[in-house]
Amino acid sequence: MRTRYVPTISGLLLAGLLLSTGVRAADDGHWPHRVLITNDDGIDAAGIAALARAFAPIADTYVVAPVHNQSGTSNYARVMQTGRLNVTPREFEPGVRAWAVDGYPADCVIVGSLALMDDRPDLVISGINHGDNLGPDWIGSGTVGAARTAALGGVPTIAVSTVDDPAPETLSAASDWIVALARTELVRDMTPGRYLTVSIPAAPEVRGVRVTQRADLLSVPTFSRLPSDDSSTRQTWVVDGLRTRQTKIPADSDEILFKAGYIVVVPMQVDENDETSRRRLAADPGALPSWAARSGTD
């Protein structure tokens, strides 16, 4: 099958600006009209197929996902570095147009929204991720990174994760619930720069839905050094485990509620500006060192 090349990074950046300021289609009671689905597990993952099956009857559904598993790649975009992506059409669920991208989840959102779809998406869904994304996992998650990229472009977005090794019935029930969530005013009227992360327990264990906060829980890798040849100065260190920084986790945090069997919904925003610090520093001219321009050389 012939591979399609998308080479113009300057055009993508210009189109991205237009995407972020575009006007959404009028709501005729059948929103969303066009849905873009991506993930970080790869286009052959069961979770993305389940979502596509659920959305295809209600909207024009497009799947644009990585060729290979790209978990843990955050919102890194290869196209921003190379200006080029390899994109291959794929056979998928009935009524779904699909492409596999030799890139990252964020690449899939960019090329899907700006090149492959007939018009900008009304909604982007990232998932269903294999394994949860709780606590600080959002910062490195490719699933959430794709959602962050779409939200930056002003598109309502949901990042969806579930348990490890989800059963087909879990994926089916999760997909149906995400369709119901997508059709609410909460999602339809989401303002630019905001998105939702959702983690769904195994279907038979779901006790309800909670809007909550992220747990203050940090897992960091532990390393060990491999023996090396005495003639070489190169060292090799390998990750041999994870160490968790234990803190007092609120009972209403995503970690606790998810383990108790609740679907947890965490509202997120792309803007990381610290407005409190900005106001404080702006009011205190002496808080930052001054700059004296030099003349000549020392």
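The values are calculated or read from the model by the stated rules, or taken from the named source; none is laboratory data. Please read these numbers as outputs of a predicted model, since none were measured by experiment. Reconstructed Cβ throughout: ideal geometry from the backbone, glycine too, with neighbour counts over all protein chains shown.
If only residues of the range 49-105 that are aromatic (Phe, Trp, Tyr) and closer than 21 Å to GLY140 by Cβ are counted, the one that is modelled with the lowest pLDDT is TYR76.
Among the residues of the range 150-157, are any closer than 22 Å to ILE43 by Cβ, hydroxyl-bearing (Ser, Thr, Tyr) and crowded, with 17+ Cβ neighbours inside 10 Å? Looking for residues that are closer than 22 Å to ILE43 by Cβ, hydroxyl-bearing (Ser, Thr, Tyr) and crowded, with 17+ Cβ neighbours inside 10 Å, one finds at least one in the range 150-157, hence yes. Could you list all residues from the range 100-118 that are assigned to a loop (DSSP other than H, G, I, E, B), in contact with a strand residue (DSSP E or B) (Cβ under 6 Å, 6 or more places away or on another chain) and either surrounded by fewer than 21 Cβ atoms within 10 Å (Cβ to Cβ) or aliphatic (A, V, I, L, M) (or both)? Correct list: ASP102, MET117.
Being among the small types (Gly, Ala, Ser), in a strand (DSSP E or B) and touching a helix residue (DSSP H, G or I) at 6+ places or on another chain (Cβ under 7 Å) is the filter here; which residues of the range 194-224 pass it?
SER199 - this is the single residue of the range 194-224 that is among the small types (Gly, Ala, Ser), in a strand (DSSP E or B) and touching a helix residue (DSSP H, G or I) at 6+ places or on another chain (Cβ under 7 Å).
For every residue, the table says whether it meets (1) free of Cβ contacts under 8 Å to residues at least 60 places away in the same chain; (2) of a type in the set (Phe, Trp, Tyr); (3) not in a helix (DSSP H, G or I).
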position: ASP132; (1), (2), (3): no, no, yes
position: TRP138; (1), (2), (3): no, yes, no
position: SER161; (1), (2), (3): yes, no, yes
position: ASP176; (1), (2), (3): no, no, no
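Being in contact with a Gly (Cβ under 9 Å, 6 or more places away or on another chain) and on the phi > 0 side of the Ramachandran plot holds for only one residue in SER74, SER113, and it is SER74. As a summary of the residue check, TYR76 satisfies the conditions (1) under 21 Å from the mean Cα position of the chain (by Cα); (2) surrounded by fewer than 19 Cβ atoms within 10 Å (Cβ to Cβ); (3) in a strand (DSSP E or B); (4) not hydrophobic (A, V, I, L, M, F, W, C) except for the one numbered (3). Restricting the range 79-99 to residues that are closer than 24 Å to PHE55 by Cβ and out of contact with any strand residue (DSSP E or B) (no Cβ under 6 Å at 6 or more places or on another chain) leaves a set whose member that is surrounded by the most Cβ atoms within 10 Å (Cβ to Cβ) is GLU93.
Scanning the range 201-217 for residues that are at pLDDT below 85, touching a Gly at 6+ places or on another chain (Cβ under 8 Å) and surrounded by fewer than 14 Cβ atoms within 10 Å (Cβ to Cβ) yields a single hit, GLU205. Considering only residues that are closer than 10 Å to ALA50 by Cβ and surrounded by fewer than 20 Cβ atoms within 10 Å (Cβ to Cβ), which ones fall in the range 174-194? Once the filter is applied, which keeps residues that are closer than 10 Å to ALA50 by Cβ and surrounded by fewer than 20 Cβ atoms within 10 Å (Cβ to Cβ), the range 174-194 yields only ASP176. Listed by first and then second residue, the pairs linking a residue in the range 89-106 that is closer than 18 Å to ALA59 by Cα to a residue that is of a type in the set (D, E, K, R) and outside any loop (DSSP other than H, G, I, E, B), with Cβ atoms under 6 Å apart and 6 or more places separating them unless they lie on different chains, are GLU93/ARG53; ALA98/ARG90. The requirement of being crowded, with 19+ Cβ neighbours inside 10 Å and farther than 16 Å from GLY112 by Cβ is not satisfied by ALA46. For the condition under 25 Å from GLU255 (Cβ atoms), in contact with a Pro (Cβ under 7 Å, 6 or more places away or on another chain) and either among the charged types (D, E, K, R) or modelled with pLDDT of 95 or more (or both), VAL239 does not qualify. Kindly indicate whether any position in the range 44-66 is at positive phi, in contact (Cβ under 8 Å) with a residue 40 or more places away in the chain and under 18 Å from the mean Cα position of the chain (by Cα). No, there is no match, as no residue in the range 44-66 is at positive phi, in contact (Cβ under 8 Å) with a residue 40 or more places away in the chain and under 18 Å from the mean Cα position of the chain (by Cα).
Residues that are closer than 15 Å to GLY112 by Cα and more than 13 Å from the chain's Cα centre (by Cα) were ranked within the range 28-41; the one that is surrounded by the most Cβ atoms within 10 Å (Cβ to Cβ) is VAL35.
Residue-by-condition table, conditions (1) charged (D, E, K, R); (2) under 20 Å from the mean Cα position of the chain (by Cα):
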{"residue": "GLY140", "(1), (2)": "no, yes"}
{"residue": "THR157", "(1), (2)": "no, yes"}
{"residue": "THR162", "(1), (2)": "no, yes"}
{"residue": "TYR195", "(1), (2)": "no, yes"}
{"residue": "PRO201", "(1), (2)": "no, yes"}
{"residue": "LEU226", "(1), (2)": "no, no"}
{"residue": "SER232", "(1), (2)": "no, no"}
{"residue": "ASP240", "(1), (2)": "yes, no"}
